[in-house]
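Novice: Structure provided below as C-alpha cells; questions to follow.
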Amino acid sequence: MQGSQPFKAFKRNGSQIRISVIGTGYVGLVTGVVFAHLGNQVICIDTNKEKIDMLRAGKIPIYEPGLEDLVLRNAEDGRLSFTTDLGRGIRESEIIFIAVGTPPGDDGEPDLSQVTGAAHQIAQHINGYKVVVNKSTVPIGTGNLVYQIINKNKRQNVNFDVVSNPEFLREGSAMHDTLYPDRIVIGASSHKVAMRLLELYALLERPMLITDITSAEIIKYASNAFLASKISFINSIATLCEKVGGDITQVAKGMGYDKRIGEQFLQAGLGFGGSCFGKDVKALVHTMSKLGCNCNMLNSTLDINQFQPNRFVDRVEDVLGGLDGCNIAVLGLAFKPNTDDMRDAKSIDVIGRLLSGGANVSAYDPIAAENCRSIYPQITYCPDLYQACKDTSAILIVTEWDEFRHLDFERLKALVARRIIFDGRNMLDAGRVSCMGFDYYGIGRNPVILEEEAPLLHAAEAA
Ligand SMILES: NC(=O)c1ccc[n+]([C@@H]2O[C@H](COP(=O)([O-])OP(=O)(O)OC[C@H]3O[C@@H](n4cnc5c(N)ncnc54)[C@H](O)[C@@H]3O)[C@@H](O)[C@H]2O)c1
C-alpha cells in the first residue's frame, strides 16, 4: 500500500464529463484519477500494455503518496478505466488530454514524436466535436502543430479545438498539487472553449488564468526555468560561502524572509534533477537561441547545476585522501524524496564519480533502489541505511528522505569505519552531528571537524 492521504471529497454537481487521457505516466495517471475523483468518466490510455495490465489488476506502476487509494476507489466506482485501445478512448470522450512524454533530444530540442503520434491517432478516430488539451510540456508553437496534424489527417469532417493546459505538479506531492494547484493555466483560442475547461476545473476552486495558447506554453517553461535558476543561484552563493567561511543556510534564511524573494527553492545542495527542470531549461535555451535571444543566464543555470555533484565528490576525495578502495555509503538514490523516479537523479552523477575513482559503493533508498539497479548493477543495495553504512569510510546523503533526519548515531558509530558525514542536502544539524562524534561536511557551510578524528573502530579497516 503506497503512503495514503485522505483527500477531501468534492461536492459534485451531477454533470459528468467524458474524458480520455492519452499517456498514463506520472502526469496522465494523476490527472486521470483526479478528474475521476471530481465525478467525471475517465479513460486512461497508454501504448504500454504492461502498464495498463498492471493498473487493471489494481497495481500502481509508480510510487506517489495517496495515488493508489484514489485509483482503486475510482476504478471500483466505475469512473476510471484503463485501456490500450486509443480509438475507443477518443471516440467515447468529449475532452481528450495529451499527457505523453516529451524527452530531450541531444541538442536540448524536445522530442515531440509522442505528441505528434498522439495527434495523428486523434485524427484517425475523431468522430465529433472534441476539445484536445495539451498537458505535456511542449515548445512554443506545438498547440498549433497539433491542430494542423489533426485538421489535415482527420477522417471525418468534424470540428475540434486545441487548448494548452500546462501541468505544474511535483512528483512526490503530485496528488496534492493536482487537487490544490496554485493556479490553473488555460491557453485557448476562444473564450467559448476556455469555458469548457473552466467548467471541468471549477470544483477545485483554485485561481484560473485564461491566456492565448502561446503564452500558456511560455508560462510552463518560464516557471520551471525560474525555479531552476533560483536553485543554481543559491548554489553559486554556496560556493562563495565555502570560500569565505559563511553559512549558506543562514544566508538563504536572511534572503528568504524578504517577501519579494521568498524562502522556497533557496536550499543549497547537489542541485536539481528529475525529468523536468533540466529538460525544460534546455528546451527553452534551444527555442530562445534559435530566435536569437540571449540565453547566458539559463546556460549558467545548467552549468552550475551540472557542476554541483562534482564539487561534492571532489570534497569527499580531498577529505578521504582519494577514493580508491574506499567503502562509501550513499543514502538516497531517487531524484528527490517521496518518489522512486531516478530520471536525472544526482545520485547517478555522484555514484558514477565514486566508481570511476575506485570506491566501493553501498546504497540505500526506501523505494528507488530497484530503479537504480538497472543503471548501476555493480553496486551493493542494502535493505536499510545501517547496513549500507557498515564498514564505510564516509556516509554521503544524496536525497533528503525524512528518515535520514533521525539517524541513530550511536548505532552508526558502532558500524562505520570512519565517522564522516557529507550532507549533500544540508538536511542535518551540523552541531548535533558533531556532538554525536561525526565530522560534518555540508554544502556552503563550514565543516565541523572533531579535533581528533575518532579512532578507527572497525577491525578490518584498522588492520
Ligand atoms: N513528471 C512530472 O513531474 C511532470 C510535471 C509537469 C509536467 N510534466 C510533463 O508532462 C509530460 C508527461 O510526463 P510524464 O512524467 O508523465 O511522462 P511519462 O514518461 O511518465 O509518461 C508518458 C506515458 O505516455 C505513454 N505514451 C507515449 N506515447 C503514447 C501514445 N501515442 N498513446 C498512448 N500513450 C503514449 C508512454 O507509454 C508513457 O507511459 C511531459 O511533457 C513532462 O515534461 C511532467
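The values are calculated or read from the model by the stated rules, or taken from the named source; none is laboratory data. The structure displayed is predicted, hence computed values, not measured ones. A quick note on method: Cβ atoms are made from the backbone with ideal geometry, for glycine too, and the neighbour counts reach across all protein chains shown. For accessibility, only protein heavy atoms count, side chains too; no ligands or nucleic acids. Shrake-Rupley method; radii C 1.70, N 1.55, O 1.52, S 1.80 Å.
Novice: Sort out which residues of the stretch 138-167 are within 16 Å of the ligand (Cβ to nearest atom) and charged (D, E, K, R), and write them in order of number.
Specialist: GLU167 - this is the single residue of the stretch 138-167 that is within 16 Å of the ligand (Cβ to nearest atom) and charged (D, E, K, R).
Novice: Within the stretch 337-351, how many residues turn out to be charged (D, E, K, R) and either assigned by TED's automatic domain parsing to the domain that holds GLY25 or open to solvent by 50 Å² or more (accessible area, probe 1.4 Å) (or both)? Talk me through it step by step, then tell me what you get.
Specialist: Filtering the stretch 337-351 down to residues charged (D, E, K, R) leaves 340-341, 343-344, 346, 349.
Remaining after also requiring either assigned by TED's automatic domain parsing to the domain that holds GLY25 or open to solvent by 50 Å² or more (accessible area, probe 1.4 Å) (or both): 343-344, 349.
Total satisfying the criteria: 3.
Novice: When you scan the stretch 312-322, how many residues do you find that are under 21 Å from ARG425 (Cβ atoms) and either open to solvent by less than 40 Å² (accessible area, probe 1.4 Å) or aromatic (Phe, Trp, Tyr) (or both)?
Specialist: To start, the set of residues in the stretch 312-322 that are under 21 Å from ARG425 (Cβ atoms) comprises 312-320.
Pick out the ones that are also either open to solvent by less than 40 Å² (accessible area, probe 1.4 Å) or aromatic (Phe, Trp, Tyr) (or both) and you get 312-313, 316, 320.
Residues that pass the stated criteria total 4.
Novice: Tell me which of these ILE43 doesn't satisfy, since it passes every other one: (1) modelled with pLDDT of 95 or more; (2) away from the ligand (no atom under 12 Å from the Cβ); (3) touching an Asp or Glu at 6+ places or on another chain (Cβ under 7 Å).
Specialist: Tallying (1) modelled with pLDDT of 95 or more; (2) away from the ligand (no atom under 12 Å from the Cβ); (3) touching an Asp or Glu at 6+ places or on another chain (Cβ under 7 Å), ILE43 fails exactly one: (2).
Novice: Follow-up question, since we're still on this one. Is there a residue being outside any helix (DSSP H, G or I) and either among the aliphatic types (A, V, I, L, M) or open to solvent by less than 60 Å² (accessible area, probe 1.4 Å) (or both) anywhere in the stretch 189-199?
Specialist: Yes, some residue in the stretch 189-199 is outside any helix (DSSP H, G or I) and either among the aliphatic types (A, V, I, L, M) or open to solvent by less than 60 Å² (accessible area, probe 1.4 Å) (or both).
Novice: Can I ask one more? Please go through the stretch 29-42 and give me each residue that is surrounded by fewer than 24 Cβ atoms within 10 Å (Cβ to Cβ) and assigned to a strand (DSSP E or B), ordered by number.
Specialist: The answer is GLN41, and nothing else.
Novice: Pick from the stretch 138-160 the residues that are polar (S, T, N, Q) and more than 24 Å from ILE186 (Cβ to Cβ): which of them is most open to solvent (accessible area, probe 1.4 Å)? Spell out how you get there, then give the answer.
Specialist: Step one: filter the stretch 138-160 for residues polar (S, T, N, Q), giving 142, 144, 148, 151, 153, 156-157, 159.
Filter once more, so that each one left must be more than 24 Å from ILE186 (Cβ to Cβ): 153, 156-157.
Details: ASN153: 64, GLN156: 90, ASN157: 151 Å².
Among those that are polar (S, T, N, Q) and more than 24 Å from ILE186 (Cβ to Cβ), it is ASN157.
Novice: For the stretch 72-84, indicate whether the set of residues that are in contact (Cβ under 8 Å) with a residue 60 or more places away in the chain, within 16 Å of the ligand (Cβ to nearest atom) and either surrounded by fewer than 20 Cβ atoms within 10 Å (Cβ to Cβ) or of a type in the set (Lys, Arg) (or both) is non-empty.
Specialist: Within the stretch 72-84, none of the residues are in contact (Cβ under 8 Å) with a residue 60 or more places away in the chain, within 16 Å of the ligand (Cβ to nearest atom) and either surrounded by fewer than 20 Cβ atoms within 10 Å (Cβ to Cβ) or of a type in the set (Lys, Arg) (or both).
Listed here are the residues, each with its yes/no results for (1) free of Cβ contacts under 8 Å to residues at least 24 places away in the same chain; (2) buried (at least 23 other Cβ atoms within 10 Å of the Cβ); (3) under 25 Å from the mean Cα position of the chain (by Cα); (4) within 16 Å of the ligand (Cβ to nearest atom).
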position: ASP106; (1), (2), (3), (4): yes, no, yes, no
position: GLU109; (1), (2), (3), (4): no, no, yes, yes
position: LEU112; (1), (2), (3), (4): no, no, yes, yes
position: ALA119; (1), (2), (3), (4): no, yes, no, yes
position: SER136; (1), (2), (3), (4): no, yes, yes, yes
position: LEU169; (1), (2), (3), (4): no, no, yes, yes
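Novice: Now, a different point. Give the residues of the stretch 10-28 that are within 11 Å of the ligand (Cβ to nearest atom), in contact with a helix residue (DSSP H, G or I) (Cβ under 7 Å, 6 or more places away or on another chain) and hydrophobic (A, V, I, L, M, F, W, C), sorted by residue number.
Specialist: Scanning the stretch 10-28 gives VAL21, ILE22.
Novice: Here's a follow-up. Are there any pairs with C-beta distances below 6 angstrom linking a residue in the stretch 249-276 that is β-branched (Val, Ile, Thr) to a residue that is outside any loop (DSSP other than H, G, I, E, B), with the two at least 6 apart or on different chains, and if so which?
Specialist: Pairs that qualify, where the first residue is β-branched (Val, Ile, Thr) and the partner is outside any loop (DSSP other than H, G, I, E, B), are ILE261/MET255.
Novice: Right, next: I need a count of the residues in the stretch 46-70 that are of a type in the set (A, V, I, L, M, F, W, C), within 27 Å of LYS336 (Cβ to Cβ) and away from the ligand (no atom under 15 Å from the Cβ).
Specialist: Result for the stretch 46-70: 1.
Novice: Please find, within the stretch 290-345, the residue that is nearest to PRO383 (Cα to Cα) out of those that are among the charged types (D, E, K, R), assigned to a loop (DSSP other than H, G, I, E, B) and touching a residue at least 40 places away in the same chain (Cβ under 8 Å). Spell out how you get there, then give the answer.
Specialist: Residues of the stretch 290-345 among the charged types (D, E, K, R): 290, 303, 311, 314-315, 317-318, 324, 336, 340-341, 343-344.
Then keep just the ones that are assigned to a loop (DSSP other than H, G, I, E, B); that gives 324, 336, 340-341, 343-344.
Checking which are touching a residue at least 40 places away in the same chain (Cβ under 8 Å) leaves us with 336, 340-341, 343-344.
Details: LYS336: 19, ASP340: 15, ASP341: 18, ARG343: 22, ASP344: 23 Å.
The selected residue is ASP340.
Novice: Now a separate question. I'm trying to understand the selection: among the residues of the stretch 171-200, which are within 16 Å of the ligand (Cβ to nearest atom) and among the basic types (Lys, Arg)?
Specialist: Keep residues of the stretch 171-200 that are within 16 Å of the ligand (Cβ to nearest atom), which gives 171-187.
The one that is within 16 Å of the ligand (Cβ to nearest atom) and among the basic types (Lys, Arg): ARG183.
Novice: Now, a different point. Just need a number here: residues in the stretch 380-431 that are outside any loop (DSSP other than H, G, I, E, B) and in contact (Cβ under 8 Å) with a residue 60 or more places away in the chain. Step through it out loud before you land on a result.
Specialist: Residues of the stretch 380-431 that are outside any loop (DSSP other than H, G, I, E, B), as a first pass: 380-381, 385-389, 394-397, 402-406, 409-415, 420-423, 430-431.
If we keep only those that are in contact (Cβ under 8 Å) with a residue 60 or more places away in the chain too, we end up with 389, 394-397, 402, 404, 420, 422.
Residues that pass the stated criteria total 9.
Novice: For the stretch 30-39, how many residues are of a type outside the set (S, T, N, Q), in contact with a Lys or Arg (Cβ under 9 Å, 6 or more places away or on another chain) and within 11 Å of the ligand (Cβ to nearest atom)?
Specialist: 0
Per-residue answers, yes or no, for (1) of a type in the set (A, V, I, L, M, F, W, C); (2) under 24 Å from PHE438 (Cα atoms); (3) open to solvent by 20 Å² or more (accessible area, probe 1.4 Å):
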| position | (1), (2), (3) |
| --- | --- |
| LEU331 | yes, yes, no |
| ARG353 | no, yes, yes |
| TYR376 | no, no, yes |
| THR392 | no, yes, no |
| GLU400 | no, yes, yes |
| LEU412 | yes, yes, no |
